[in-house]
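The values are calculated or read from the model by the stated rules, or taken from the named source; none is laboratory data. Worth saying up front: this structure is predicted, and the values here are computed from it rather than measured. Positions of Cβ are backbone-derived with ideal geometry, glycine not excepted, and every protein chain shown enters the neighbour counts. Quick note on the areas: whole protein, heavy atoms, side chains included, nothing else; ligands and nucleic acids left out. Shrake-Rupley method; radii C 1.70, N 1.55, O 1.52, S 1.80 Å.
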Amino acid sequence: MIFESIRMSLMNIAKNKLRSILTMLGIIIGVASIIALITIVEGATNNISSEVIKLGGNKILITVFGTPLKQGLTEKDVEHIASLGNITGVSPTVSGKTSVIYGNKVLKDISVEGKNEVFFKADPELLSSGRAINILDLESRNQVAVVGSNIVRELFFGINPIGEKIIINGMTYTVIGTLRESAGFSLSSTNDTVIIPYTTTLRSMGIKNISTIDAYVEDTDLADRTLVEIKGILNQAFNYNEDAYKIYNMGDIISSFRSIMSMMSMLLAGIAAISLVVGGIGIMNMMLVSVTERTTEIGLRKALGATPFAIRLQFMIESIFLSLTGGFIGLIVGALLSYLLGEIIGIGISISASTNALAMSFSATVGIIFGYMPAVKASRLNPIDALRSV
């Protein structure tokens, strides 16, 4: 009986090709929208997440605004923070903008950042060539520099920059390393940055205080306790003026970001699902019309002994087949659309099996729900009344 119902359902769908295609259109658009939106959001989330994670989930960021009496942190304050039990390393940042000169080439408004060896140890993939700043450079205040990829391209095109001399803020520095090129979208891009020892920066650029510190924690579960300990040190440094600084736990920021992006993904999927409901209404409308057109056929089948279940099954199969076929086509269209948008936006796209399963199950559910009422209506037709329409 089931195979016969399937055969008759397919025959009826094939007999009304144009109407069947138009009926499936709503499902195709709905599934394609769900696939494309979820995939694009997931791709964007993964790209941004990887950049946020590079900022360090095990890092506490300290930004100092200072007070009229004390404008920033001293090296002694940094040492106090570094001495805390859960801290594995502290990387102060001293930054400014200046010109960089090599031969007769001049780059203006280049970001010069003073860092220490901890900054490079925290991200081993940061270097492209040469070596990083080490403890000896800091202690001796060596005039050495690690330069970003754009600076290498503009100043040293076709030349190995390692060992070359550049002038920063009127002082000569030796290039000891180059930085790996950051991605097109990067929250921590160093492409246009020159990094020198922070101790050298304090002397050469006339900066007296440290305004930014990255503190790396050993146990992220104890990050909140460590944050309180850092706050105690800063309160003493700034006479308990909490407006003088801000402390950010990067682990909390990353978790909040992922939660927000997950909610956004579900919201967009819900909006796209509305078009599936519209497609389901189209299926129900088409099936109701089909019941009206096939009243005589239903009456004859019932007169020949077809049960209400058999009639209901045939119409349900037609509805589910239309929905699943539309869903499968929508899945292909959504995948193609996702890859196309991914190429245009410049983000990595990966369609997960769970996304496909969600779209197809939603599609099948729509077919069952919106096909049920027409199927019940057909199964309840009185054979005598149906045959009167002949």
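Has segment 202-214 got any residue that is within 30 Å of Ile347 (Cα to Cα) and of a type in the set (Lys, Arg)? Step through it out loud before you land on a result.
Within segment 202-214, the subset within 30 Å of Ile347 (Cα to Cα) is 214.
Still in the list and also of a type in the set (Lys, Arg): none.
No; the residues of segment 202-214 include none that is within 30 Å of Ile347 (Cα to Cα) and of a type in the set (Lys, Arg).
Annotation note: of Ser99, Ser50, Ser5, the sole residue that is over 30 Å from Asn249 (Cα atoms), of a type in the set (Gly, Ala, Ser) and at pLDDT below 75 is Ser5. Total residues in segment 100-141 satisfying the condition of being open to solvent by less than 30 Å² (accessible area, probe 1.4 Å) and more than 32 Å from the chain's Cα centre (by Cα): the figure is 5.
The set of residues in segment 175-197 that are in contact with a Lys or Arg (Cβ under 6 Å, 6 or more places away or on another chain) and either at pLDDT 90 or above or more than 26 Å from Phe65 (Cβ to Cβ) (or both) comprises Ile176, Gly177, Ile195. For segment 235-269, residues that are surrounded by fewer than 12 Cβ atoms within 10 Å (Cβ to Cβ) and either in contact with a Leu (Cβ under 9 Å, 6 or more places away or on another chain) or within 19 Å of Thr212 (Cα to Cα) (or both) total 5. Restricting attention to segment 53-84, the residues that are at pLDDT 80 or above, under 28 Å from Thr190 (Cα atoms) and either aromatic (Phe, Trp, Tyr) or open to solvent by less than 30 Å² (accessible area, probe 1.4 Å) (or both) total 11. Of the strands (runs of 3 or more DSSP E) lying entirely inside segment 102-218, those containing at least 3 residues that are closer than 30 Å to Tyr248 by Cβ and of a type in the set (D, E, K, R) are 105-115. Every listed requirement among (1) part of a helix (DSSP H, G or I); (2) open to solvent by less than 40 Å² (accessible area, probe 1.4 Å) is met by Ile349 save one, (1). Could you please find all residues in segment 85-94 being in a strand (DSSP E or B) and buried (at least 18 other Cβ atoms within 10 Å of the Cβ)? Listed by number, the residues that qualify are Val90, Ser91, Pro92, Thr93, Val94. Only a single criterion out of (1) open to solvent by less than 30 Å² (accessible area, probe 1.4 Å); (2) in contact with a Ser or Thr (Cβ under 9 Å, 6 or more places away or on another chain); (3) not aromatic (Phe, Trp, Tyr) is not satisfied by Ile230, namely (2).
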